[in-house]
Structure formats: structure tokens, C-alpha cells
1. Step through the table entries Lys153/Lys198; Lys168/Lys212; Lys263/Lys285; Lys142/Lys168, compare each Cα-Cα distance with 21 Å, and write down the pairs that go over it.
2. How would you order 84-96, 141-153 from highest to lowest mean count of nearby Cβ atoms within 10 Å?
Amino acid sequence: GEWKTATATPGAVNVKNETSRNNDQGNGSGTGDGNNGDTSNDTKISAHGSGVAISETKKLKKVSVSAGRDRIALAGAPIIFGPIFGDDVSSVETESYLWTFGDGLASVDKNPSHIFSLPGEYVVVLNARVNNVPQVDRIKVKVSAADIGFSVKGEGSNAQFVISNNLKDEVNFGGWSIKSRGLSFVFPADTIVLSKGKIVLPQKTIGLFVTKNDEVSLTYPGGDVLVAVAPVVEELAAVAFVKTDSVLTENKKAEVSQIEVLKKQAETLDGLNKQLAKLQADLNKVAAKAVVKKVVAAKSVPKSFSKEKGSETELENAAAVGRVKIIPKQSTGGILSFIKNLLF
């Protein structure tokens, strides 16, 4: 045999242009649809062997979910956790949560309440899936032993309830209770006592009427008793007695001192009265003697003036001749009687 030249098939092209070659190299196989343009940005053109259209994958929406901040708590006291959503979460369509607390326990609740039985530092991890977007976050929880002091001083309306925090960290007593006689007072949320601090609550705040024979307990939010005590009445009574006795003693001293002053003043006044009376008596005597001297100073007294015959008329006669000075008439009788008694 020999080779014979045949006529070319009409419309057939035996050589690909450069553009087609470049497309084949870029796609890895020679499929193509006759488009001589650059199709590298056309997502509907692919080198896949299947003719099924390529599925369009939407970009996942950003979602931020946090486990919150680091926490401090007491052993035996419940602590509540919850997810915190970022501003990019406008609505929650689907959600699931898994909390692991680092002490061997876990919860699938959205807002779980957990109690750490022992002191320590725990890592709490949140695995969340919100709107089909997975998220993970973790926090640290410091748990301390409940070194809390509790006492009740006094009874009835005078009772005072004292809570002391002996820890280096502050303690939140929100949800805790003081109980007695089947009644209870519940602390409002975020009642915080600072480190090494204390709060003293009067009976009118607590509303519990207790006596020295009652048992008063401080309980966790879950109802477990942390400590139970009896009111201490003697201490307040002793203090009250000492203060009362002290006040009475001071008052008594003041009264005694005042009485002593009054006595001394009375004695002084009495002495002055006596001296005044004596002085008055002396003055009276002096005055009487002066009158007598004037009477007896006359050069001559009528012979008829005697104890038996002496009278005011005779004295007046003597005065008429200038021998005797007569005292005014309104006091003459009393003075003459005094002089007669004094002389005779």
C-alpha cells in the first residue's frame, strides 16, 4: 500500500489558537465551551468532570459569644454562668451550649448554676453554636473556702446581726438568707462585703424577732446552712449595766457635790444671820446707852423724878427748863420703858 492524500473535512480546524491553549493549561484538561475569552473569574466554568452546576457557598455570618469574665466564688455556694453575645448577634435563630466546669462536671444549659465543692482555681470552657456558627471561650474561676463569721448580739428589737468576711477577696451575699423560727430574710442581689470587712444589720432591717433561746442560721442561696448560732444577750446586758451604773454613779456624785455646796452655803448664811443678829443687838444696846447718857447728862433732875414718881410729864417739865432733851413723841414711850428697865 501507499498513502493517498484526502480532501480535508469542511469546517474543521486542526490547530487550536493560543487562547485555547492557555485555557487548557490553566484548567488542567481540555473541556471548554468554545469561548475564546478569559473565563478564570467565571465560577460557572470548571474543570470538574461532572456537568452539574457548581453549588454556591454563602459566606458565614460572624457571631461572637463569650463566657463572660473571670469570677470568684465560695466553695459550696452556687455560681451562675451565661453566654454573652457580641454586637454582631442581632438575633438568635439556633443555639446550643456545652459548659465544662473543670471539676469533672458539665452542663448543656444556657445559664447553668454550678457549685464548686472544694477550693481551687478552675478553668470553665464554653462551647457554643449560635446560628450554626461554632464558638468557644473560657474563663477562670477562683473558689475560696467560706471563711465567714456570723453572730447575733442582743434579742428582740435590740438584736444586731453581724456578718464578717475574713477572706482576701470580697464576697457577694446576694441570695443568702438569715433564718430563725421558720422565717427568713433574703439578701438582695449584689450585697457585697469587702475583704476583711463586715456589715451590722439591725433588727428593724432583718425583721426577725429572736431571743437568747432561738437558733439563728446563715444559709447559702440553695438552703444549706453555713453556720448556726444563738443570740448573745449577756454581753450587751453587761455593757448596758456598766454604762447605766456609770451614769448613775456620775449623777450621784454630782448630786452629792451639789448638796455639799448647798450645805456650806446654808452654814455660811446661817453664820451671817447670827452675826447680823448679834450686830443688830449691839447696835440696839449702843443706841440705848446713848439715850441714857443724854438723859443723865442733865445738870439737875427734879427731886420728884424717882422710880415711883417719874413720868413723862416731869421729864417734859425738865426739858422745858433746858435740862433734858426729849426724844420725839412717837417713840418716847417705848424708849422710856427700855431706859427704865435698863436703869432700874
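1. Lys168/Lys212; Lys263/Lys285
2. 141-153, 84-96
Every number in this text was worked out from the coordinates using simple rules, so none of it is lab data. Please read these numbers as outputs of a predicted model, since none were measured by experiment. In this analysis, Cβ positions are derived from the backbone assuming ideal geometry, glycine residues included, and neighbour counts consider all displayed protein chains.
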